[in-house]
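The values are calculated or read from the model by the stated rules, or taken from the named source; none is laboratory data. Since the structure is predicted, the reported quantities are computational estimates derived from the model, not experimental observations. Heads up, the Cβs are rebuilt from the backbone with ideal geometry, glycines too, and the neighbour counts pull from every protein chain shown. Remember, those area values only see protein heavy atoms, side chains included, never the ligands or the DNA or RNA. Shrake-Rupley method; radii C 1.70, N 1.55, O 1.52, S 1.80 Å.
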Amino acid sequence: MPPSCCGCLSQYTHHHLVAFLLTFFSYVLLHASRKTFSNVKVSISAQWTPTFTNGSAAAISPGKTWEGNHLFADKEQATLFLGALDTIFLFSYAVGLYFSGVIGDRVNLRYVLCVGLCGSAAVEFVFGTLTEWLKIYNVYLYCGLWVLNGLLQSAVWPCVVAVMGNWFGKAGRGFVFGLWSACASVGNILGAFLASSVLKYGYEYAFLVTSVVQFAGGVVVFFGLLTSPKEVGKDCEEHEPEDPLAEAPLPVTFCQAFCLPGVLPYSLAYACLKLVNYSFFFWLPFYLTNNFGWKEADSDRLSVWYDVGGILGGTIQGLISDLMGKRSPVLALSLALAMASLVGYSHSPNDQVINAALLTTTGFFIGGPSNMISSAISADLGRQDALRGSQKALATVTGIVDGTGSIGAAAGQYLVSLIESKLGWIQVFYFFIAMTAGSIVFITPLLHKEVREMWRERQALRRQL
């Protein structure tokens, strides 16, 4: 029988609570600053394109002034570049994840985490605030800064998952990690709130607020985070006490981690799923504003309901998977229902209440499985029995799963802008449905295996009775 979630809560101390909260809010702040970019796309697009479109534009804006203050001739070109920036960020983020996970298993996790948080905050300040204050508009500068931002941000997720995996054992992991993985959605909500609050003063102030808060969070983490129970003289409840005379286990290599059971199928499934999840993350406010004609601030606030659904989905589905003792059946059912919810949302009427309800439902069935794979399942894979003899694989495995997912998401963001510009938003939603079906296909072997195990367990229980 799977362990009781409530029973394992009594094993936790205030050290567990501090580790939970500090890692949680680390990623909240990171996602809040990341969400800022998606929430101010309309304002950035307006800043990068002409104000005048009539014949008098040349007289009002001389050539040199025009070239210095506008990057693109029309909104369509600006939209494509915004999609390209998302792709650049996610590709650099994906590449960084493959390396940062390996580094996190070999260097103090707190140092790597703080470099990621503080470095990313500084880059976002330069990208969104300093360039606007100095009136520097340059495509190559924006691309270079966003590559660097992706590399720095990639250091955060493998580290926070590894810290959580060190402090929390497998008992109740689905529920604990399901609750904890709401950090991304909470960060999206916070980012949307902060951006909409200061957007009237200019998009540069949205970047300023979130980058300053993120930098301060990195300083707090540096001085307050304990990365493992060993730092307070305890062992994780999941493992037996180690022989003090024995040699420390060596971290696994990247190839060894990639070949662990379950890593490849979950990585490929996450590539398809993260494409859909991050498309909502990057493009939802833009879609709401352009498709329904709602104000940018209203679209930012309405997009929060997708994240609310993701929080509920990750927590409830994680709890159910703990009670079942299996992950893939819960994932497969949720993804099947996600396809239906995408069909429903693609036909949402121009009504904010109905749209919010459909968004919450869609977030529940897409954001929930995404949170499970990136957190609880990654921790399961990084602590599985095949690793006996070397426990330092958690950050590496997390980096592989999330990195592969980010490659899929990176390719998807440019495809979204391309499909939308050529075929319209309805075809974008059909693309999302196809990718969600792809996630189910990749976890089918694991689903078949776990369903057979559940059937054998039920048959054995009947024979005992």
With every protein chain in place, the stretch 343-465: carbon and sulfur % of accessible area (1.4 Å): 62 percent
Output the 0 to 90 degree angle, nearest 10, between the alpha-carbon long axis of helix 425-464 and the longest principal axis computed from the alpha carbons of the chain. 10 degrees
Work from the charge dipole of the chain (Cβ charges, +1 for Lys and Arg, -1 for Asp and Glu, about the Cα centre) and give the residue of Phe99, Gln214, Phe365 farthest towards its positive end. Phe365
For the chain, with only Lys/Arg (+1) and Asp/Glu (-1) charged at the beta-carbon, what is the dipole magnitude about the Cα centre, in debye rounded to 20? 540 debye
Which ³J(HN,Hα) values in Hz, rounded to whole numbers, follow from the phi angles of the stretch 337-349 under the Karplus curve 6.51 cos²θ - 1.76 cosθ + 1.60, where θ = phi - 60° and Gly and Pro get x? 5, 5, 4, 5, 5, 5, 4, x, 5, 5, 10, 5, x
For the stretch 389-465: accessible area per residue (Å², 1.4 Å): 51 Å²
Using the charge dipole of the chain (Lys, Arg: +1 at Cβ; Asp, Glu: -1 at Cβ; taken about the Cα centre), state which of Ala73, Leu117, Thr315 has its Cα farthest towards the positive end. Thr315
Summarise the accessible area of the stretch 107-226 (1.4 Å probe, protein heavy atoms) by the percent that is carbon and sulfur. 78 percent
Kirkwood-based Rg to Rh ratio, the stretch 81-202, C-alpha trace: 1.03
Quick one: plug the Kirkwood hydrodynamic radius of the chain (C-alpha pairs) into Stokes-Einstein at 25 °C, 0.890 mPa s, and report D in µm²/s. 108 µm²/s
Classify the stretch 330-446: rounded, prolate or oblate, from the alpha-carbon gyration tensor (a ≥ b ≥ c, eigenvalue square roots; a/c under 1.5 rounded; otherwise prolate if a/b is larger than b/c)? prolate
Give me the accessible area of Cys259, 1.4 Å probe, in Å² rounded to the nearest 10. 110 Å²
So with the 1.4 Å probe, I'd like the accessible area per residue for the stretch 311-356, rounded to whole Å². 40 Å²
Nearest-20 debye value, the stretch 339-463 charge dipole, Cβ charges on Lys, Arg, Asp, Glu: 600 debye
